[in-house]
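**Student:** Here's a structure for you.
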């Protein structure tokens, strides 16, 4: 989860730009956490306290408004309804990483990822994207190799993970769907050599940079196990005490070191 938040904050200032390179400054004063972080923490809180996803997601989004929520989500947030709206946007996948840490069996992770997605994104592609990211986090956490993660995700979800970021980058355009971002984010992880390069590769695609980096960063943390101290330091400052306390509680309950 901390890897996801790092990706969000680092990618926040590059969304919609045409960066297309990896040699950028990781942080600047304008970096901030977005809806990706808010809703990831909502999922973490729901897991910690056995809370329902729709209500918890609405509560967090209401408490942290103006963080870049999508149009359909905003309509749902402003309504009295708790019914999902059949979205295949990547919102289901961006918030799912805590689930990869909270269970000891892959079938449990997949089932919970589906439930979390269906709070809003009950389209088959929205569910698939959440399941794929949660599964990749779980497999990485459990010690699977990159080859094993690639094979499982390809065979189970049908994503093409044989490409390289260097091949995707030149013609990649902004895309906020699961099918247009989840495989690319997983490839950014697969192409990386450490946590930081996973984030840099994801952001270098341009487009929906914060969410791409959230997904890549969540898998990278689970795989590499460590996040550079200087990154953690900035995250702690950007989140503030209340949200950082939730991160620490989640890490303590599920035995996550970073």
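None of the figures in this text is laboratory data; all of them are computed from the coordinates on show. What you see is a predicted model; the values in this text were computed from it and never measured. Cβ coordinates were reconstructed from backbone atoms using ideal geometry, including for glycine residues, and neighbour counts include every protein chain displayed.
**Student:** Expressed in nm to one decimal, what extension gain is obtained for the pair residue 30 and residue 163 from 0.36 nm per residue of sequence separation less their Cα-Cα distance?
**Tutor:** Here the answer is 44.6 nm.
**Student:** Sticking with this structure for a sec: Among 113, 202, 176, which one moves the most in a GNM of the chain with springs linking Cα atoms closer than 10 Å?
**Tutor:** Sorting by GNM fluctuation, first place goes to 176.
**Student:** Once you place label points 7 Å from the Cα toward the Cβ at residue 245 and residue 173, how far apart are they in nm?
**Tutor:** Here the modelled spin labels are 4.7 nm apart.
**Student:** Provide, as a two-decimal number, the C-alpha radius of gyration of segment 135-258 over 2.2 N^0.38 Å, N being how many residues it has.
**Tutor:** For segment 135-258, the normalised Cα radius of gyration comes out at 1.08.
**Student:** Further question on the same structure: List residues of segment 186-217, by number, whose backbone nitrogen lies under 15 Å from a label position 7 Å along Cα→C-beta of residue 226.
**Tutor:** 193-197
**Student:** Ok, one more. Run the helix sum for the chain: -39,500 (n - 2.57) per DSSP H stretch of 4+ residues, divided by residue count, reported at 222 nm to the nearest 500 deg cm²/dmol.
**Tutor:** After summing the helix terms and dividing by the residues of the chain, the value is -18500 deg cm²/dmol.
**Student:** If you look at just the Cα atoms of segment 2-253, how large are its Rg and its Dmax in Å?
**Tutor:** 16.2, 46
**Student:** I've got another one for you. Can you give me the relative contact order of the chain as a percent, contacts being Cα pairs under 8 Å and 6 or more apart?
**Tutor:** That works out to 28 percent.
**Student:** Which three extents, in whole angstrom, do the alpha-carbon atoms of segment 37-183 cover along their principal axes, largest first?
**Tutor:** Its Cα atoms span 44, 38, 23 Å along the three principal axes.
**Student:** Then there's this: Testing the spin-label approximation: label points 7 Å from Cα along Cα→Cβ at residue 79 and residue 18. State their distance in nm.
**Tutor:** 3.8 nm
**Student:** Follow-up. Please give, to one decimal in nm, the separation of the simple spin-label points placed at residue 147 and residue 194, each 7 Å out from Cα toward the Cβ.
**Tutor:** 2.5 nm
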